[in-house]
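This report concerns only the one structure given below.
Derivation of every value follows stated rules applied to the coordinates shown; laboratory data play no part. Since the structure is predicted, the reported quantities are computational estimates derived from the model, not experimental observations. Glycine also receives a Cβ, built like all others from the backbone with ideal geometry; neighbour counts cover every protein chain displayed.
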Amino acid sequence: MSRPDPRRELVRFARLAARQGYMVASDGNLSLRLDGERLLITPSGALKARLRPSDILEVDLEGRLLAGQGQPSAELGLHLAAYQAQPQAGAVIHAHPPLATAITLAGQVLMVEALPELLYSLGKVPTVAYATPGSAELARAAAPHLAGQRAVLLARHGTLTTGPDLAGAWALTEKLEHAAGMQIAAASLGGLQTLPPQEQARLKALGGGQAQAAPLPLALRVELKRLPATSDFAVEKIHADARGQAHLIIDDRAIRRVCVLTLAAGAGYRGGHLHWHKSEGFYVYQGRARAELVCAVSGERLELDLAVGDRLWIPAGIAHRFAAIEDVTFVEFTDSPYRAEDDVAFNF
């Protein structure tokens with residue numbers, strides 16, 4: 001059997017997405033890998049319901065236009081980030097299904113812990129913090145979540161799914177929208193009840209965990225930055241003058257919750273948990289601390305010593321705790337508000 005024409009396949013799924021209301025007007029975008037160096041992608045500004053095979057563009061994995069007329073989708077960077085994180089992916093779909101998007105508009109996460117089918121097929125569905133659609137910031141925000149993760153929600157901006165082909169990526173888009181609908185319905189009936197922890201772990205082991213690629217090493221997933229001490233202009237820095245000090249900690253992330261914490265040397269640990277849906281950052285203002293990190297999927301461990309001016313960003317799925325090497329004060333900031341059900345104790 002001959003392989004379907006790839007341009008016609010892109011058009012077929014774009015029109016399907018338009019019919020189901022997942023890609024309204026020119027919203028949303030799809031791409032399909034041709035080989036290790038090239039992919040096809042929908043053009044910017046094209047109405048999905050009226051898309052033609054001749055509209056499809058060919059680009060390389062650096063984003064350079066190789067064939068076709070017009071500009072590639074504004075979300076090309078998001079697609080490239082997905083292919084870089086998942087070399088085995090054959091297709092990427094970014095859609096705007098209304099119920100899955102509504103979940104994020106309400107500041108909620110998709111509670112896969114209540115849905116056996118999603119636990120089995122995906123294991124988890126993280127939400128990428130909001131960044132301007134079409135921006136390099138959105139691609140950077142999504143990248144840490146895409147390693148081994150075939151479906152994510154984009155805060156206020158829909159869904160992103162990957163698959164071996166367009167059919168596989170589309171199936172996950174439909175699953176996310178169906179799950180969001182059930183979650184909203186359950187909330188209207190009095191609330192969502194999650195599965196017992198033992199059953200959650202069993203379903204992940206049977207399906208979700210095995211279906212995902214091995215996560216990237218911890219050293220590539222966390223971000224550790226030492227803020228410079230300078231009087232020169234800088235967005236993020238420590239500046240000291242006769243009046244005292246200014247710590248300019250963060251400028252390029254969407255932050256929903258901030259707190260200041262202290263920990264005395266020898267007083268034990270802060271943390272000791274992981275989040276499946278939330279990423280966290282820590283900035284050392286005074287003292288020194290040791291961070292212990294464990295990947296919840298692979299079990300990989302990493303220890304980092306932190307001093308004044310160090311900023312550590314920890315994506316979802318990494319357990320963490322902190323011990324004070326000397327009395328320490330640090331600022332904690334997150335990309336999502338606190339939810340007790342996403343604060344999962346972890347046995348270090």
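List of remarks:
- Separation of alpha-carbon centers, the stretch 33-57 and the stretch 90-137, rounded to whole Å: 23
- Distances between placed amide hydrogens fall under 5 Å for residue 226 paired with 311, all partners being 5 or more residues away or on another chain.
- Simple label model, 7 Å out from Cα along Cβ direction - residue 132 to residue 66, nm: 3.0
- Among 35-43, 87-95, sorting by the average number of other beta carbon atoms lying within 10 angstrom of each residue, highest first, gives 87-95, 35-43.
- Evaluating 6.51 cos²θ - 1.76 cosθ + 1.60 at θ = phi - 60° for every residue in the stretch 38-46, the Karplus couplings come out as 9, 8, 9, 8, 5, x, 6, x, 7 Hz, glycine and proline recorded as x.
- Think of it as helices only: each DSSP H run of n ≥ 4 in the chain is worth -39500 (n - 2.57), and spread over all residues that comes to -7000 deg cm²/dmol at 222 nm.
- Estimated distance in nm for a label pair at residue 156 and residue 256, the labels positioned 7 Å out from Cα along Cα-to-Cβ: 1.3
- Label positions at residue 54 and residue 242, each projected 7 Å from the Cα along the C-beta direction, are separated by 7.3 nm.
- Sorted on the mean count of surrounding Cβ atoms within 10 Å across their residues, most packed first, peptides 141-151, 231-241, 159-169 read 141-151, 159-169, 231-241.
- Each residue of the stretch 122-127 is assigned a 3J(HN,Hα), and the resulting list reads 10, x, 7, 9, x, 10 Hz, derived from the Karplus form 6.51 cos²θ - 1.76 cosθ + 1.60 (θ = phi - 60°), x at Gly and Pro.
- Between amide H atoms placed 1.01 Å from N, distances below 5 Å from residue 157 occur with no residue 5 or more places distant or on a separate chain.
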